[in-house]
Amino acid sequence: MENRRVRLRFAPSPTGGLHMGGVRTALFNYLFAKKHGGDFLLRIEDTDQTRYVKGAEEYIVAALEWSGIKIDEGVSVGGPHAPYRQSERKEKGIYQKYADQLVASGHAYYAFDTAEELDAMRKRLEAAKVAAPQYNSVSRQTMRNSTTLSEDEVKKLLDAKTPYVIRLKVPRNEEIRFHDIIRGWVVVNSSQVDDKVLLKSDGMPTYHLAHIVDDYLMEISHAVRGEEWLPSAPAHILIYRYLGWEEVMPQLAHLPLILKPDGNGKLSKRDKSGLPMFPLNWHDENTGENYLGYRESGFFPEAFANMLAMLGWNPGTTQEIFSMEELIQNFSFERVNKSGAKFDPEKTKWYNQQYLRKKSDAELAKLFRPILQEKLNEQGLSIDNFGVSYIEGVCKLVKEKSHFVAEFWESGKYFFIAPSSYDADVIKKRWNEQAASFIQEISVAYRDLADFTFEETEKTFKAVAEKMGIGAGSVMQLFRVCLSGVGGGPVLFEMVELLGKNEVVKRLEHALVNINK
């Protein structure tokens with residue numbers, strides 16, 4: 001086992017778009033596999049054909065790719081263990097023989113119960129005040145299955161092609177122990193475990209049998225999944241044991257839930273946190289519902305992956321920003337929390353802001369150009385009026401207070417369109433005869449300024465204020481409003497330099513004429 005190649009798999013069901021919780025499960029699998037020089041597989045567990053959603057598989061592949069999770073082997077890339085869809089593996093007869101093996105060894109049995117008989121059993125158990133009504137070592141004794149029927153009766157039913165399922169025969173009152181990498185040793189009494197259906201009446205395996213057979217045949221070394229599967233783990237241990245694979249079964253790790261921002265319950269795809277719950281836009285053809293994606297909301301994939309990694313895992317240091325390579329180097333399941341991780345919308349936006357700030361002005365300008373073009377077109381203007389370096393300069397100034405590139409227009413549109421109105425609160429508070437005189441004087445001083453850099457414009461600004469006997473700070477915000485129309489924004493004199501002498505003078509003169517008009 002120690003020399004075994006590390007191989008992990010992500011095995012979602014194509015029952016809808018991949019929720020961010022699913023991406024996190026894939027990410028943790030991927031990080032661990034890559035840290036140990038291993039393989040990351042993508043398998044599609046489509047045993048429940050009634051819940052199949054068209055386009056879901058393609059969405060899963062696209063979502064993982066956008067998130068920076070590279071697939072080594074699986075549905076989208078192929079590999080030596082193809083096929084990787086369970087429905088196709090079922091057609092090859094892969095699962096049936098193992099279900100038959102379990103029946104032959106006495107560890108599974110045929111159950112011929114109808115839906116009506118199963119419903120009657122549940123009602124009977126509920127009436128008897130049984131805490132968790134289930135088909136188990138006790139209730140099976142009153143049902144129509146191969147543990148209660150004679151061999152002849154079973155043969156007749158099979159020969160008559162009577163519908164049946166194959167169930168796991170869970171022993172009564174036996175201690176089942178297994179080790180979870182995150183949670184340590186888990187001990188469960190078999191009386192709490194139901195007789196799981198392994199093979200359905202249509203011959204399709206359930207998750208309980210199929211994933212075990214596939215993990216074994218694909219030589220999976222670690223099975224990592226959400227904690228909602230923890231109650232099923234004891235049954236899975238028994239299946240491994242009964243098939244003779246316990247010595248080579250994967251090490252288990254059950255990840256904590258992602259919780260709602262208030263910590264009250266599991267985060268769902270319909271959560272109203274104000275942020276997407278899906279990596280990419282998703283349209284559910286079955287329900288007609290549309291879900292917004294992180295990509296389309298302006299998030300960078302690196303920020304999305306970094307944020308997800310920190311939901312439930314911590315590096316043991318104060319570092320919060322990690323490249324994918326750094327995540328791979330630092331990741332371990334020992335540092336994954338047992339308790340749920342609260343999703344924090346503001347922190348999620350903060351991650352995107354950090355990655356936005358790290359991008360070059362040229363990169364940001366390239367992302368901003370399509371947005372800018374559209375906004376300028378609406379104003380009857382052309383982007384050709386503004387040079388590449390000017391647009392890059394705008395990005396440099398507005399990025400510090402932005403979470404998304406899409407915010408650049410709202411926070412910096414005055415760089416492209418001179419203000420036609422002015423912040424009323426600032427005007428009411430700051431505008432007077434002395435202030436108007438200052439704006440007049442500074443416009444004249446700037447018109448004659450040869451070196452229109454931020455250092456010189458600031459020096460000139462202070463010199464004019466001192467000459468007039470007023471504090472520079474008392475007119476600074478008003479000066480900003482005259483140029484931009486708003487009371488806040490980027491570093492003031494860098495803004496002045498970027499706008500340029502002619503534009504600054506023109507705007508100051510316009511303000512003098514139009515303020516308090």
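The values are calculated or read from the model by the stated rules, or taken from the named source; none is laboratory data. If you're wondering where the values come from, they're calculated on a predicted model, not measured in any experiment. Cβ placement follows ideal geometry from the backbone for every residue including glycine, while neighbour counts extend to all protein chains displayed. To get the accessible areas, we keep the full protein, side chains included, count just its heavy atoms, and leave off ligands, DNA and RNA. Shrake-Rupley method; radii C 1.70, N 1.55, O 1.52, S 1.80 Å.
Computed extension length for Ala436-Asp384: 15.3 nm, one decimal, from 0.36 nm per residue of separation with the Cα-Cα distance subtracted.
Percent of accessible area on the stretch 131-182 owned by carbon and sulfur, 1.4 Å probe? Numbers along the way, then the final one.
On the way: 1480 of 3110 Å².
Taking all protein chains in place, the stretch 131-182 shows 47 percent carbon and sulfur surface.
For the chain, the longest principal axis of the C-alpha atoms and the axis of helix 361-378 are separated by about 80°. Across the chain, the mean sequence separation of Cα contacts (distance under 8 Å, 6 or more residues apart), normalised by length, yields a relative contact order of 12 percent.
Available extension along the chain between Glu326 and Thr287 is 10.1 nm, counting 0.36 nm per residue and deducting the alpha carbon span.
Of the heavy-atom accessible surface of the stretch 308-438 (probe 1.4 angstrom), what whole percent is carbon and sulfur? Don't skip to the end; give the middle numbers.
Numbers: 3230 of 6950 Å².
Reported share for carbon and sulfur atoms: 46 percent.
Enter the angle in degrees (range 0 to 90, nearest 10) between the Cα long axis of helix 345-358 and the first principal axis of the Cα atoms of the chain, meaning the one along which they spread out most. Its long axis makes an angle of about 60 degrees. Extension gain, Glu88-Ala424: 0.36 nm per intervening residue step, less the Cα-Cα distance, totals 114.2 nm. Taking 26 Å as the limit for the C-alpha separation, the pairs Lys34/Lys269; Lys338/Lys359; Lys459/Lys501 exceed it in the case of Lys34/Lys269; Lys338/Lys359. A Förster radius of 60 Å combined with the Cβ-Cβ distance from Glu346 to Leu158 puts the calculated FRET efficiency at roughly 0.50. Of all DSSP-defined beta bridges confined to the stretch 175-275, some 55% are antiparallel rather than parallel.
Ligands, DNA and RNA left out, the 1.4 Å accessible surface of the stretch 188-227 is 43% carbon and sulfur atoms. With both labels modelled 7 Å from their Cα along Cα-to-Cβ, the Glu400 to Lys97 distance reads 6.8 nm.
Under the simplified labelling scheme, the Glu374-Ala128 pair shows an inter-label distance of 6.4 nm, with each label point 7 Å from Cα along Cα→Cβ. Please give the residues of the stretch 384-422, grouped as numeric ranges, whose backbone N is less than 12 Å from a label point set 7 Å along the Cα-to-Cβ vector of His510. Backbone N within reach: 414-422.
If you take the beta carbon distance between Thr142 and Asn189 as r and set R0 to 30 Å, what does 1/(1 + (r/R0)^6) give as a FRET efficiency, to the nearest 0.05? Each step should come with its number before you reach the end.
Details: r = 21 Å, r/R0 = 0.71.
So, using R0 = 30 Å, E works out to roughly 0.90.
Using 1/(1 + (r/R0)^6) with R0 = 35 angstrom and r between the beta carbons of Asp72 and Glu334, what's the FRET efficiency to the nearest 0.05?
Values: r = 24 Å, r/R0 = 0.69.
Plugging the Cβ-Cβ distance into 1/(1 + (r/R0)^6) gives 0.90.
To test your reading of the geometry: what angle, between 0 and 90 degrees and rounded to tens, separates the Cα axis of helix 433-447 from the longest principal axis of the chain? Approximately 90 degrees, to the nearest 10. Spin-label model, Leu230/Lys358: points 7 Å from Cα along the beta carbon direction are separated by 3.3 nm.
Per residue, the chain exposes 48 Å² of accessible surface when a 1.4 Å probe is rolled over the protein heavy atoms with every protein chain present. Dipole check for the stretch 266-404: with +1 at the C-beta of Lys and Arg, -1 at the C-beta of Asp and Glu, and the Cα centre as origin, the magnitude is about 420 Debye.
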